[in-house]
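The structure appears right after this line, and notes come after that.
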Amino acid sequence: MNDLRLERVLRMIGQRIRFAREAKGWNQALLAEKLGFKDRQILSNLEAGKRRLAADELMRLTDLFELPMDFFTDSFRLVGEGEFSWRARGASPAAKESFAERARQVVVTYWRLSELRGEPHMIHSLALKLTQRSSWEEARLAGEQLALAWNLGEFPAQRLSEVVEQQHGLLVLHMDPPEGISGAACRLPELNTVFINRREPDGRRSFNLAHELFHILTWQEMPPREWDDETAEMTPRERRVEQLADNFAGALLMPATTLRKLWENRGSKDIHTWLNNTASELGVTALALKTRLEQAELLTAENELLKIDPARLTWNGRTPGERSLPKLYSRRFVELLHWALDKGELSVRRAAGLLSCTIEDLEDLFRAHGMEPPFDL
């Protein structure tokens, strides 16, 4: 084990000892006494990652805390690391927790493999200058300004995922969660991740990405609640944060200049046809476009608003089968997994276990991303 990798392992074990100790409500002196150390400094060095943990000390820790050994030693496991905010609507508690566990496993897999590869994580320092007291207009302005700053063009949805991954270091992963879960945002040390339900309409996927991006960029000032469930009761503060996120996302994906140009050139098309076609071009839902046009005071009761039947805007006027799914996870994620298997940093069975899939599923995953599987069945 090279020095850098050893340093990471020692630091990880130390953090987990501290996490377990604090969960018990013990101070360092008490745990040091229970472990038979002659003074507290030995434990302090362990928790700081400055000292190796002996095998017999590890056994005593597992007994004291009544925890499995891999709690302290398995790097492909999150222990006290990471902050998550899940977006759902009516999913059962069991379905939520099952998906949350899978998603945590996926993101820690990427996090640890990138460390093994020696890839420095891009630290995303950008933060929106918004607070809970910001107005809807300020949130929309922030969305429009970000679209300009990131050079997303007239139709930001077309490039948003690529730009946030390649230029700003966020990991965007498409997954298959249970029905009712749209996605999630996750913060780990030096790694931000957005999960997207790839089976939702493409317009919803784009909006969910922009919505979760808002949470990533405002986490310090406005930490989101763990489960943003639209069917659950929200506090006024929680509701306002989510509304700010929606206003930001709408403006980011549908800049006012683009909207005005499209509206002025709409011609005499039926309003439903125009909304559906234009929303598809923008990469959003027709209902989101309708809301944004109202905010921009382009669609009003004096022109077409009262004539609109929301039922005709479902799926942008298409059927659910008329779409292509994004590939599972992302190319960036799958390329890193391919490298780890090819270099022997991860076994095939371990990889399948981490992703909760079969070895045959792994083979299909690589082929879907245009890669030859780095193993033989």
* Asked: Looking at Leu10, Leu30, which one is of a type outside the set (Phe, Trp, Tyr) and either in contact with a Lys or Arg (Cβ under 8 Å, 6 or more places away or on another chain) or under 30 Å from Ser114 (Cβ atoms) (or both)?
  -> Leu10
* **Hits in segment 187-242 - residues which are farther than 16 Å from His168 by Cβ and of a type in the set (Asp, Glu)** => Glu200, Asp202, Glu221, Glu226, Asp228, Asp229, Glu230, Glu233, Glu238, Glu242
* Filter pass, Thr285 being touching a Pro at 6+ places or on another chain (Cβ under 7 Å), of a type in the set (S, T, N, Q), buried (at least 17 other Cβ atoms within 10 Å of the Cβ) and within 24 Å of Glu154 (Cα to Cα) -> yes
* Could you tell me which numbered condition Pro320 fails, if it satisfies all but one of (1) under 27 Å from Ala245 (Cβ atoms); (2) modelled with pLDDT under 90; (3) part of a helix (DSSP H, G or I); (4) not β-branched (Val, Ile, Thr)? => (3)
* Structure fact -> Note on Gly169: of the conditions (1) among the small types (Gly, Ala, Ser); (2) crowded, with 18+ Cβ neighbours inside 10 Å; (3) under 19 Å from Leu252 (Cβ atoms); (4) in contact with a strand residue (DSSP E or B) (Cβ under 9 Å, 6 or more places away or on another chain), unmet is (2)
* How many residues does segment 13-27 hold that are of a type in the set (Gly, Ala, Ser), more than 23 Å from Arg117 (Cα to Cα) and buried (at least 17 other Cβ atoms within 10 Å of the Cβ)? -> 1
* Asked: Within segment 92-110, is there a residue that is modelled with pLDDT under 95, assigned to a loop (DSSP other than H, G, I, E, B) and hydrophobic (A, V, I, L, M, F, W, C)?
  -> no
* To do: Give segment 258-272 a look and list any residue that's at pLDDT 95 or above and of a type in the set (Val, Ile, Thr), or say none.
  => Thr258
* Out of Glu57, Glu83, Glu66, sole residue that is surrounded by 15 or more Cβ atoms within 10 Å (Cβ to Cβ) and either outside the structural domain of Cys357 (by TED's automatic domain parsing) or in contact (Cβ under 8 Å) with a residue 60 or more places away in the chain (or both) -> Glu57
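Let's see how each residue does on (1) without any contact (Cβ under 8 Å) to a residue 40 or more places away in the chain; (2) closer than 26 Å to Asn316 by Cβ; (3) not assigned by TED's automatic domain parsing to the domain that holds Glu281:
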| site | (1), (2), (3) |
| --- | --- |
| Arg140 | no, yes, yes |
| Trp150 | yes, yes, yes |
| Val163 | yes, yes, yes |
| Gly169 | no, no, yes |
| Pro177 | no, yes, yes |
| Leu191 | no, no, yes |
| Arg204 | no, yes, yes |
* Out of all the residues in segment 255-297, which are among the small types (Gly, Ala, Ser) and in a helix (DSSP H, G or I)? -> Ala256, Ala279, Ser280, Ala286, Ala288
* Using beta carbons and a limit of 8 Å, which pairs, at least six apart or on different chains, have the first residue in segment 354-366 and at positive phi and the second one basic (Lys, Arg)? -> Ser356/Arg102
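The values are calculated or read from the model by the stated rules, or taken from the named source; none is laboratory data. All values derive from a computational prediction rather than experimental measurement. As a convention, Cβ positions derive from the backbone with ideal geometry for all residues, glycine included, and neighbour counts pool all protein chains shown.
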